[in-house]
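**Q** Quick one: this structure, given as structure tokens, is what I'll be asking you about.
The values are calculated or read from the model by the stated rules, or taken from the named source; none is laboratory data. No experiment lies behind these values; they were computed from the predicted model shown. Backbone-built Cβ (ideal geometry, glycine too); neighbour counts: all protein chains shown. With ligands, DNA and RNA removed, areas are computed over all heavy atoms of the protein, side chains included. Shrake-Rupley method; radii C 1.70, N 1.55, O 1.52, S 1.80 Å.
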Amino acid sequence: MQSHGLTWPGSVLGIVLAVLGIVGCGLNTATVASGWKIPPDPEIVNFKRADAEVVTQTLVAPPFLPEHEQTVDGPPRLVKIHMNIVEREVEIAPDAFVWQMAFNNSVPGPVPVVHQYDWVELTLRNRASKDVGFTVNDGSGPNLQQHNIDFHASTGALGGGGLTKIMPGEEVVLTWRAVKSGLFVYHCAPGGPLVPYHVVTGGNGALLVLPRGGLRDGYGNPIRYDRAFYFGEQDYYVPKNPDGTWKRATDFSDQMVDMLDAMDTLVPTHVVFNGKTGSLTQDIRLEAKVGETLLMLHSQANYPSWPHLIGGHGDWVWPYGKFNNQPDEGLESWDVVAGGSAAAVYTFKQPGLYVYLNHNLIMAFVKDAKAYIHVEGEWNNELMEQVSPPTAVE
Ligand SMILES: [Cu+2]
């Protein structure tokens with residue numbers, strides 16, 4: 001082969017390249033570490049839970065987030081939240097009904113927002129949906145199954161899953177510390193095939209842990225967002241009747257065996273944002289203005305996704321949704337791993353309709369993994385102009 005003709009023996013070349021690689025890597029890591037990363041403050045890290053101020057956060061249904069501060073100055077706090085688990089039946093697409101496991105009566109569940117090193121104190125209830133003050137769909141009855149919660153943001157006991165198993169009629173209180181910052185999935189995990197069953201019927205959501213000093217761009221400059229939307233993506237596996245229509249079950253337990261068969265194909269029958277078809281394209285109108293910065297939060301508890309903002313970009317993107325990593329600049333599409341998240345910010349520069357979607361376009365347009373964002377403002381011809389409208393070719 002031609003390579004035998006090289007004047008440098010391969011081994012020498014290899015050693016030279018290896019040395020260059022080590023030096024290059026070392027310099028690079030040192031530059032990034034000293035330039036962007038901020039070491040944790042020992043006073044904050046060592047702060048004791050007993051000394052923390054206790055606050056209660058009222059959760060709201062996605063795609064919106066509870067009121068929150070983007071930066072905090074004081075010591076860590078203990079943030080109390082309440083979630084009720086509701087087994088309910090929802091028409092997720094025309095003539096396709098799913099008995100859902102819904103944290104706080106929404107699919108996906110709500111997005112609690114805390115800051116790194118805060119504590120979360122969750123009261124989780126598994127009880128008859130009629131008693132908890134929700135307006136649930138007709139046909140929903142008392143809960144039938146055991147549920148729990150695994151917070152990917154937490155540490156120990158299967159993410160809290162081992163300490164939160166509750167039967168219908170029970171409630172449990174769990175406190176844990178948010179030691180990592182970022183957007184993290186949470187989901188129900190009762191064990192074995194019940195784990196995916198409860199997750200693909202909607203038993204998942206995400207929790208946002210902001211850095212105490214707020215978000216920073218790749219240069220280390222602070223980022224403030226004007227709006228934040230949470231895109232919780234859900235894959236469903238609805239069984240069919242022999243005649244090809246969607247099969248409907250009588251309750252959450254009755255649905256399970258046929259749905260597990262449909263899940264065994266690994267091919268979702270429906271993929272949606274915010275729980276059902278049309279949720280963020282028809283039911284809820286998302287709006288923004290030119291000049292505003294939008295924080296786009298995205299999670300998928302069971303399947304990968306590849307987000308893209310049609311007509312815009314990710315100005316800064318955290319592909320794994322973890323804010324203590326330097327964000328990537330100017331991305332067109334990015335990754336959400338199964339059981340993970342992504343976060344991105346974009347400052348709108350043109351008015352009009354933007355589509356935030358899963359850029360597996362079959363998932364977006366044959367299924368419904370997409371959201372519309374309606375943006376108002378002045379059009380900028382410098383960025384785009386239709387120089388000549390469509391006319392017939394002579
Ligand atoms: Cu569950």
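**Q** State the extension gain, in nm to one decimal, for the chain segment bounded by Asp51 and Glu376, taking 0.36 nm per residue of separation less the distance between their alpha-carbons. Don't skip to the end; give the middle numbers.
**A** Working: separation 325, 0.36 × 325 = 117.00 nm, distance 4.60 nm.
Working it through step by step, the gained length comes to 112.4 nm.
**Q** Same structure, new question: Where does each of 271-277, 158-164 land if you order them by average Cβ count within 10 Å, highest first?
**A** Working: 271-277: 24.6, 158-164: 19.6.
Packing proxy ranking, top to bottom: 271-277, 158-164.
**Q** Roughly how many percent of the accessible protein surface of the chain is carbon and sulfur, given a 1.4 Å probe and a whole-percent answer?
**A** On the way: 10640 of 19110 Å².
Heavy-atom surface of the chain belonging to carbon and sulfur, 1.4 Å probe: 56 percent.
**Q** Further question on the same structure: Springs between alpha-carbon pairs under 10 angstrom, Gaussian network model over the chain: which of Asp335, Asp73, Asp368 fluctuates most?
**A** In this elastic network of the chain, the residue with the biggest mean-square fluctuation among Asp335, Asp73, Asp368 is Asp73.
**Q** In square angstrom, what is the accessible area per residue of the chain with a 1.4 angstrom probe?
**A** On the way: 19110 Å² over 394 residues.
For the chain, the per-residue accessible area is 49 Å².
**Q** With n ≥ 4 as the cut-off for DSSP H runs, can you work out [θ] at 222 nm for the chain, using -39500 (n - 2.57) per run divided by the number of residues, rounded to the nearest 500?
**A** Working: 4 runs with 45 residues, N = 394.
Rounded to the nearest 500, it is -3500 deg cm²/dmol.
**Q** Of Asp118, Asp150, Asp226, which is the most mobile in a GNM of the chain whose springs link Cα atoms less than 10 angstrom apart?
**A** Result: Asp226 has the largest fluctuation of those listed.
**Q** Right, here's the next one. Which whole-number percent gives the relative contact order of segment 143-291, counting Cα pairs below 8 Å spaced six or more residues apart?
**A** On the way: 196 pairs, mean separation 25.9, N = 149.
Taking the mean separation of contacting Cα pairs over the length of segment 143-291, I get 17 percent.
**Q** What percentages make up the Cα-Cα pair-distance distribution of segment 157-242 when the bins are 10 Å wide from 0?
**A** 12, 34, 29, 18, 6, 1
**Q** In a shell of Cβ-Cβ distance under 15 Å around Met263, excluding Met263 itself, what net charge do Lys and Arg (+1) and Asp and Glu (-1) give? Don't jump to the answer; show the numbers that get you there.
**A** Working: positive: Lys240, Lys247; negative: Asp235, Asp258, Asp261, Asp264.
Counting the neighbours of Met263, the net charge comes to -2.
**Q** Now, a different point. Let me know the shape class of segment 352-394, please: from the alpha-carbon gyration tensor, a ≥ b ≥ c as square roots of the eigenvalues, rounded when a/c is under 1.5, otherwise prolate if a/b is greater than b/c, or oblate.
**A** Numbers: a/c = 3.45, a/b = 1.51, b/c = 2.28.
Oblate, because a/c is 1.5 or more while a/b does not exceed b/c.
**Q** Okay, next question. If we count every other residue with Cβ under 13 angstrom of Val72's Cβ, Lys/Arg +1 and Asp/Glu -1, where does the sum land? If you can, show how the numbers build up before the last one.
**A** Numbers: positive: Arg77, Arg212; negative: Asp41, Glu53, Glu69, Asp73, Asp118.
Around Val72, the surrounding residues sum to -3.
**Q** In the neighborhood of His313, defined by Cβ-to-Cβ distances under 14 Å, what is the net charge if each Lys or Arg adds +1 and each Asp or Glu adds -1?
**A** Values: positive: Lys349; negative: Asp217, Asp315, Asp328, Glu329, Glu332.
Neighbourhood net charge equals -4.
**Q** OK, next. Roughly how many debye, to the nearest 20, is the charge dipole of segment 290-394 about its Cα centre, given +1 on each Lys and Arg Cβ, -1 on each Asp and Glu Cβ, and no other charges? Kindly include the intermediate steps, with their values, before the conclusion.
**A** On the way: 4 positive and 12 negative charges, 107 e Å.
Roughly 520 debye, rounded to the nearest 20.
**Q** How high is the relative contact order of segment 144-183? Use alpha-carbon pairs under 8 Å, at least six apart in sequence, and give a whole percent. Mind showing how you got there, number by number?
**A** Values: 47 pairs, mean separation 15.5, N = 40.
Rounded, it is 39 percent for segment 144-183.
**Q** Let me ask another. Does segment 174-297 classify as rounded, prolate or oblate by the C-alpha gyration tensor (a ≥ b ≥ c root eigenvalues; a/c under 1.5 gives rounded; else a/b over b/c gives prolate, otherwise oblate)? List each step's numbers first, then the result.
**A** Working: a/c = 3.34, a/b = 1.76, b/c = 1.89.
It is oblate, given that a/c is not under 1.5 and a/b is not larger than b/c.
**Q** Shifting gears a bit: Normalising by the residue count of the chain, find the relative contact order in percent from Cα pairs under 8 Å and 6+ residues apart.
**A** Values: 930 pairs, mean separation 55.4, N = 394.
Dividing the mean separation by the residue count of the chain yields 14 percent.
**Q** Within segment 290-322, what residues put their amide N at less than 13 Å from the label point 7 Å along the Cα-to-Cβ vector of Leu353?
**A** Those under the cut-off are 310-311.
**Q** Something else about it: Heads up, I need the accessible area for Trp119: 1.4 angstrom probe, whole protein in place, Å², nearest 10.
**A** 20
**Q** Packing-wise, with mean Cβ within 10 Å as the measure, how do 166-175, 286-295, 105-114, 201-210 rank, highest first? Can you show the working numbers first?
**A** On the way: 166-175: 15.0, 286-295: 17.4, 105-114: 25.2, 201-210: 27.4.
Order by mean packing, descending: 201-210, 105-114, 286-295, 166-175.
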